[in-house]
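Notes for the one structure printed next.
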Amino acid sequence: MARRNHAGRRLPGDNETSSCPGEPAGPGSLVPADTGAAYSRFSLSLVRQPPEVPYTGNQVVKGPADVVPFLHRLLALEPYECLGALLLSVRDHPIGHTIPFRGTISSCRVEPRPLLVTALLTNAVSLVAFHLHPSGDPTPSPEDLEFAKRLRLAGGVVGIGLKDFVILGEAPAYWSLWKGGAIASPSPSRRRTRKPKYRHPDDPTQTWAGTGFMPVWLREEVEDGASLEDFLVDGARVTAAAARQEREVRERMREG
């Protein structure tokens, strides 16, 4: 028998089901098991196509000058604002382009997601975003700068680098945010500091890298007043580190 709440409305019991579709059925569920609800199902695949774009596969994109002529040709007949991206391989070869956003004569609502989705599906490693200004003035707007920042941050999360963001005006005018300093260039890899290495003056097979116990021969030299720098291996020009290491060694020797 169906239960009723204090307002007199019926409450579903164990032998009743809800008419709401799209929920899995189970013990005590309010949804019948045979609702036949339709779920979205996808099967994605990457298909390599023959070259049909006006750039060559062996072209290397090193800067804006390598992409702007192509972009001006690509967007020559566009009457409204549009934004897209040129997709690059791991060796900076262009492998495709996409233009997911087209707006009005003066505005275009954009977001990073469609550019990054296309880049991921095409196995791109980085991209050059571009934005057409139909007015002919390529000066970036505050919205351009903000979008470039969002795209760079979002791309960094999924492993898609933003190589540049190019604002296109009346050909051949353009504005490169990377060249103008608005987009930071990739930080150079940190060079490992070479640690001092010391060698016996008469026996080149006896060396010490400055870690662990000091060899007897070097300890004797230091106790006699010699400096560690006198035994530096040629090419180890780390005199500041060597001097600091020598101070530490002498302090340990005094404490010992």
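Readers should treat all values here as calculations from the given coordinates under stated rules, not as data from a laboratory. In this text, all values refer to a predicted model and were calculated from it rather than measured experimentally. So basically every Cβ, Gly included, is an ideal-geometry build from the backbone, and we count neighbours across all protein chains shown.
One table, with the values for the structure above:
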item	result
Extension reserve of the Arg48-Val60 stretch, reckoned as 0.36 nm per residue once the Cα distance is removed	2.4 nm
Glu248 paired with Glu143, simple spin-label distance in nm, labels 7 Å along Cα-to-beta-carbon	5.6
FRET efficiency, Asp203 to Val157 (Cβ-Cβ, R0 45 Å, nearest 0.05)	0.25
FRET efficiency for Ile105 and Arg41, using Cβ-Cβ distance with R0 set to 45 Å, rounded to 0.05	0.65
